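Here, each number is a calculation from the coordinates, and none is a lab measurement. On a predicted model such as this, the values are computed, not experimentally measured, just so you know. Neighbour counts run over all protein chains shown; Cβ positions are idealised from the backbone, glycine included.
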Amino acid sequence: MRWILSFLLLGLLAVVQAASASGNKLLVVIEELAEKSKYSKYLGDLEARGFKLTYESPKSDKVALFELGERAYDHLLILPPKSKGLGPQLTPKILLDFINAGGNILLTLSSSHPTPSALVSLLLELDIHLPSDRTGLVVDHFNYDTISAAEKHDVVLVPRPDALRSDVKNFFAGDGKDVIAFPKGVGQTLGNTSPLLTPILRAPRTAYSYNPKEEVEGVDDPFAVGQQLSLVTAMQARNSARFTVIGASEMLENAWFDAKVKPSAGLTGAASDKAAKTANQAFAKEVTGWTFNEIGVLKVGKIEHHLDEGETEPVINPKIYRVKNDVKYFIELSEYQWDKWVPFQPAEGDNVQLEFSMLSPFHRLPLTLSSTTPTSTIWTTSFKIPDQHGIFNFKVNHKRPLLSNIEEKNTVTVRHFAHDEWPRSWAITGAWPWMAGIAVTVAGWVGFVALWLWSKPVPLKLTNSGKKVV
Amino acid sequence: MAETVADPFFKGNTGRNTRGILRLSILVLIAAAAIASRLFSVIRFESIIHEFDPWFNFRATKYLVSNGFYDFWDWFDDRTWHPLGRVTGGTLYPGLMVTSGAIYHALRALTIPVDIRNICVLLAPGFSGLTAFATYLFTNEMSTSPSAGLLAAAFMGIAPGYISRSVAGSYDNEAIAIFLLVFTFYLWIKAVKLGSAMWGALCALFYGYMVSAWGGYVFITNLIPLHVFVLVCMGRFSPRLYVSYCTWYALGTLASMQIPFVGFLPIRSSEHMSALGVFGLLQLVGFVEFVRSGVPSKQFGTLLRGFVLLVFGISFGGLVLLTVSGVIAPWTGRFYSLWDTGYAKIHIPIIASVSEHQPTAWPAYFFDLNLLIWLFPAGVYLCFQKLADEQVFVVVYSILASYFSGVMVRLMLTLTPIVCVAAALAVSSLLDTYLLLKSPEYPGDSATEAGSNGTPAPSKKAAKQDGLRSMRQPLVGIYTTFSKMSVVSALTSYLLIFVLHCTWVTSNAYSSPSVVLASRMPDGSQHIIDDYREAYQWLRQNTAEDAKIMSWWDYGYQIGGMADRPTLVDNNTWNNTHIATVGKAMSSREEVSYPIMRQHEVDYVLVVFGGLLGYSGDDINKFLWMVRIAEGIWPDEVKERDFFTDRGEYRVDEGATETMKNSLMYKMSYYNYCTLFPPGQCQDRVRGVKLPDVGPTLNTVEEAFTSENWIIRIFKVKDLDNAGRDLASAASFERGNKKKKTIKKRGPKVLRVE
């Protein structure tokens, strides 16, 4: 069943001329179509990459994410609306259902307008927190753009982000030198508990968020400061649907794609004089590409497991093994990169692992690379099945930030030794005394019978007392 | 007396033949009656497998028939005890399945294609006919009266105590085991009587068959040695006894060890030690007898005493040593519960939770055996009159079986054969006495006169010794036709009432399949409540083939058999911890249960709820056993006390404890139940209480199916939330509650470190 589905998917993909690994129907929710021109470069990039864009106003009747119970679009881009609400078609529940159905959402915020309450409660469900009163502004007195925000310091210049951890792939590194302009944005804080959240771009150490409407000198209790403030946040649901929040919609505007910025004097006090072009266009492409499944998507190809006991043609993927069998396991992995599948390689210091588990893992083994095809890598390991019968799973549970989730479970039965699979008694040296005992008994019995039959009965004599004696 | 036309048929050689034919036709009729009286359930319902265990046996038989014997022998069942699986081929008694498989293939070979289900359904009635025949043979060994055997066969054929386990559809081990039990005893008696190695070997053969068929073989394993031991103690050691017992023990033990489930138990477990011990004792006694023939009797006495003490000391010490060191398995809990009926309740709740393991109530004896139970002592008494080796067996059997039947309801089954035999002995001796219409002739006037004159006469001498006045009569006995008629007619009417009682009990108490419930409509017509099969069929048609179903273990076999879905636990209660895990999941809060269910890959949870219909065998009534069994493993997490109110009541209404209200079982049972009733009238008809109007809410499971009469409710276990929330908040969001914004906490902020 699954391979039929994957074939169908592959066929579909071929038809839609590789834009994203999961379809190219993109709904752009924008309040006034006139504003489209502000984002023309960004939207043009998307169209050039093969997305089919549909524009709808959030209030329009036609904006429906679901049609006949099926997802009508593959991706959703929400540009910040001016009005307070998003209308009855874009309630948090529908948006969440869209994610649950595998749709990707790119959400942009702006400090110019208060965030609609629907979005706030959606973000709250995902454990992403916005400043209270739905407005907030990220400022940084050490990393602002001296050209455009010399007074307000609200255009924060951020260097390209580092990898989240050393063993996680970094899709947003660029060439490492250019800066990203984050104008008039809203920062978010992320909950501690959710492992699905990943900050893509964090604010510099010296940034903080405050409510610009409060007319006070100095901020007593900022919403969040420094690295705790996430400017661009990614959430990848369990079904690998992606949801990204960009704190500043202005980032995507044409103006900031081309703008030149001059960083202020940093903490070290050394200001650079040179004005440089922002990396916003490249960064926007990467973030959008990630959100809309153009990069960081993993695919499992063939999974094979079979006996590894010297058979020439073992049965592939048998349903049942025996305890203490030697088995071999293969899994084929591909990664999507913009428009094609390429062989997947885990990040430096990371590996793909196989668990052989029943209730808890009996084996947890790193897989080694066995071969590479033009579109995939094949990983393998071989091991001995534990001496425990039961229903086991070959399980590859590869969940890494920014890579789509792989959770492959192949259930097999591990049976006990059949009655004719034990070593025969004469092969066990410990059994020899017993077998010798049996042989002696048999021989003794035969000998006794022979002796008995051979010996002639002696006639009985009567004694005086009347007793019979031999 | 006039010559009648029929006379030539009843006299001489022809007479013997006629009697033989009569005897045969009576036996055939008894067998037919035995089979026919067990068919109520087939006629009323349909040809269906009953209850719980038979469903497993049926499933195993199907596996055997379709996969062959060796696959069955090595069968690893991956659809039960998920995810542990069960080495089924090695943990069952294969006799029953192999028997029906053999019948199936034999019929096939005769080109009679019969569905394996029908063979399974009708196996027990078929074997009950054979049991009647075996009882006939057994009783004939006990008594010279020609009627005793036939009476015993008739009793055995219709006694409710045996019918309870052998109606059509009750495809359980006992179906064939009782026949084997009686037949093995017959062969044993034959062997003891004749001292023949051949009969001993036959006995061992059937003992082996019995071992392959039922765990109750231990009864034989202990009864035969006990018989021998009693005989030896009575000083009745004889070469006959020696030959028959040694043949039986050696061959029977070897035969029993061929069953994988039994394996080395006969030489390692305490239950089998008596047989081994008596085997050793017989060797010693045989040796002593041999020595006695060569040594003068005076020295022999001292020698014997010293020898016996020495051997006893050594063997007892050895036994204790081996038990302590663990070579011989100590007595199991099931065994202890045979001596102390309260033992199981305290130490092994899993055993105590089974209704058939409860001590027998006194009315059950009358219910299951009717008049036989008061004829039984009379029959045993008659055995004392002529106390040969075989009568000793009857006495020993009666005492042992009477005790055990009082301890456990299901052991009534082993008592029934001996009750039938003893009662038949009593009735036949009564009938033999009273049915003889002829009165003996008086010896003559002279003798009478001599008696009255006081001159010594032979009869008078005997009478004097007795000293009873009535015995002074020359002929002692009841010879009037009236007294004979009255006794015989009374007895006949008792027997007729016995037949009525048996039919009534069979029809009303033992012929319900318990898969299908029957009730009466107001107009008296029958109404079938078929919720079980409705639900199992739903599972079969609407769930994935490997969807794991969690339910209390009672329903495991039925789900496996009827719905063909993997289960977590079933009626083969071999793994107490696994059952306790399910008990814990059922009796804990959802937050605790959910990880357990996830870990065990549970897809659906099935509960039985009788509140709407007033069906008392539901899960809420069994709930305390789940709690107790779970408490046995996790005493810190599950506490029985928490399910009782402060006043010690087990309540399900508003007064229920918080633990009770939050338990998964309670929530699943009463979920949405009150929507059936107008506000304020929500009622549980089993426990007869009014329920609060606001029912429980479920976060981690969702209702998937509820059967017509709400007896079976199936819930689907939700997957983890896609957006990473806990299921309670996800469910609350689904219901439309907005998440409250986290209020700023005092104290330091919790920072994200990654």
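In peptide A:352-362, what is the residue-averaged number of other protein chain Cβ atoms found within 10 Å of each Cβ?
1
Once you sort the root eigenvalues of the Cα gyration tensor of the stretch B:190-240 as a ≥ b ≥ c, which label holds: rounded (a/c under 1.5), prolate (a/b larger than b/c) or oblate (the other case)?
oblate
Exactly which chymotrypsin sites (Phe, Trp or Tyr not before Pro) in the stretch B:239-280 are in a DSSP loop and have at most 14 other Cβ atoms within 10 Å?
Answer in residue order: B:Phe264.
Pop a pseudo-label 7 angstrom from the Cα along the beta-carbon direction at both A:Lys152 and B:Leu676 and give the gap in nm to one decimal.
6.5
Taking the beta-carbon count within 10 Å as an exposure proxy, list B:Asp389, B:Asp172, B:Asp78 from fewest neighbours to most.
B:Asp389, B:Asp172, B:Asp78
In terms of the Cα gyration tensor, with a ≥ b ≥ c the square roots of its eigenvalues, is the stretch A:101-236 rounded because a/c is under 1.5, prolate because a/b exceeds b/c, or oblate?
Oblate.
Calculate the length of the line joining the C-alpha centroid of the stretch A:361-419 to that of the stretch B:227-257, in whole Å.
Comparing the Cα centres of the stretch A:361-419 and the stretch B:227-257, I get a distance of 58 Å.
Mind counting lysine pairs for me in the stretch A:297-415? Cα separation below 21 Å, and the two need to be 8 or more apart along the chain or on different chains.
Lysine pairs satisfying the spacing and distance rule in the stretch A:297-415 number 25.
Output the 0 to 90 degree angle, nearest 10, between the alpha-carbon long axis of helix B:146-158 and the longest principal axis computed from the alpha carbons of chain B.
Taking the Cα atoms of chain B, the angle to B:146-158 is about 10 degrees.
Order of B:517-529, B:487-499, B:366-378 by packing, highest average Cβ count within 10 Å first?
By packing density, highest mean first, the sequence is B:366-378, B:487-499, B:517-529.
Loop only per DSSP, at most 12 neighbouring Cβ atoms within 10 Å: give me the GluC sites (Glu not before Pro) in the stretch A:24-88, ordered by residue number.
Within the stretch A:24-88, the qualifying GluC sites (Glu not before Pro) (loop, at most 12 other Cβ atoms within 10 Å) are A:Glu32.
So how do A:390-396, B:120-126, B:286-292 stack up, highest first, on mean other-Cβ count within 10 Å?
Ranked by mean Cβ neighbours within 10 Å, highest first: B:120-126, A:390-396, B:286-292.
How high is the FRET efficiency between A:Thr193 and B:Arg735 when r is their beta carbon distance and R₀ equals 25 Å, given to the nearest 0.05? Don't jump to the answer; show the numbers that get you there.
Numbers: r = 22 Å, r/R0 = 0.86.
E(calc), rounded to 0.05, equals 0.70.
5 Å is the cut-off here: which amide hydrogens, built 1.01 Å from N in the peptide plane, fall below it relative to A:Ile200, excluding neighbours closer than 5 in sequence?
A:Val232, A:Thr233, A:Ala234
By average Cβ neighbour count within 10 Å, what is the ranking of B:102-114, A:334-346 from highest down? Walk me through the numbers before you get to the answer.
Working: B:102-114: 11.6, A:334-346: 18.2.
Packing order, densest peptide first, comes out as A:334-346, B:102-114.
Rounded to the nearest 20 debye, what is the charge dipole size of the stretch B:41-162 about its Cα centre when +1 sits on each Lys and Arg Cβ and -1 on each Asp and Glu Cβ?
180
Across peptide B:295-306, what mean number of C-beta atoms from other chains lies inside 10 Å of a residue's C-beta?
Working: counts 0, 0, 0, 0, 0, 0, 0, 0, 0, 0, 0, 0.
The per-residue average across the peptide is 0.
So what's the angle, to the nearest 10 degrees on a 0 to 90 scale, between helix A:432-454 and the longest Cα principal axis of chain A?
The helix A:432-454 is inclined about 20 degrees to chain A.
Could I have the simple spin-label model distance between B:Gln385 and A:Trp338, label points 7 Å from Cα toward Cβ, reported in nm to one decimal?
Going by the 7 Å Cα→Cβ label model, 11.0 nm.
Using the Karplus equation 6.51 cos²θ - 1.76 cosθ + 1.60 (θ = phi - 60°), what ³J(HN,Hα) coupling, rounded to whole Hz, does each residue of the stretch B:56-71 give in order, writing x for Gly and Pro?
Computed from phi, the couplings for the stretch B:56-71 are 5, 4, 5, 4, 5, 5, 4, 4, 4, 5, 8, 10, x, 5, 5, 5 Hz.
Quick query: amide H of A:Tyr321 versus all other amide H atoms, modeled in the peptide plane; which residues come in under 5 Å with a sequence gap of 5 or more or a different chain?
A:Thr413, A:Val414, A:Arg415
Sorted from fewest to most neighbouring beta carbons within 10 Å, what does the list A:Lys82, B:Lys62, B:Lys548, A:Lys274 look like?
A:Lys274, A:Lys82, B:Lys62, B:Lys548
Using square roots of five times the C-alpha gyration tensor eigenvalues, list the equivalent-ellipsoid semi-axes of the stretch A:36-163 in whole Å, biggest first.
Working: eigenvalues 170, 72, 44 Å².
The equivalent ellipsoid of the stretch A:36-163 has semi-axes of 29, 19, 15 Å.
How do A:His419, A:His305, A:His113 line up, fewest other C-beta atoms within 10 Å first?
Exposure proxy ranking, most exposed first: A:His419, A:His113, A:His305.
With θ taken as phi - 60° and the coefficients 6.51, -1.76 and 1.60, list the Karplus ³J(HN,Hα) couplings across the stretch B:637-645 in order, rounded to whole Hz; mark glycine and proline as x.
Values, residue by residue: 9, 10, 10, 4, 4, 5, 8, 9, 6 Hz.
Assuming R0 = 35 Å, can you tell me the calculated FRET efficiency for the pair B:Asn542 and B:Ser616, based on Cβ-Cβ distance, to the nearest 0.05?
On the way: r = 29 Å, r/R0 = 0.82.
Efficiency computed from Cβ-Cβ geometry: 0.75.
For A:Leu354, what residues show an amide H to amide H distance below 5 Å, using hydrogens built from the backbone and excluding near sequence neighbours?
The answer is A:Leu365, A:Leu367.
For chain A, rounded, prolate or oblate, judged on the Cα gyration tensor with a ≥ b ≥ c (square roots of eigenvalues), a/c < 1.5 rounded, else prolate if a/b > b/c? Walk me through the numbers before you get to the answer.
Numbers: a/c = 3.36, a/b = 3.02, b/c = 1.11.
Verdict is prolate for chain A.
Cα axis of helix A:2-15 to longest principal axis of chain A: angle in degrees, 0 to 90, nearest 10?
Its long axis makes an angle of about 30 degrees.
Ignore the peptide's own chain and count Cβ atoms of other chains within 10 Å of each Cβ in A:412-420; give me the average, rounded.
5
Rounded to the nearest 0.05, what FRET efficiency do B:Leu435 and B:Arg19 give with R0 = 22 Å and r taken as the Cβ-Cβ distance? Could you check?
Given R0 = 22 Å and the Cβ-Cβ separation, E is 0.90.
In whole Hz, what ³J(HN,Hα) sequence does the stretch B:569-581 give by Karplus (6.51, -1.76, 1.60; θ = phi - 60°), x for Gly and Pro?
My calculation for the stretch B:569-581 gives 9, 9, 5, 7, 7, 7, 10, 4, 5, 5, 5, 5, 4 Hz in order.
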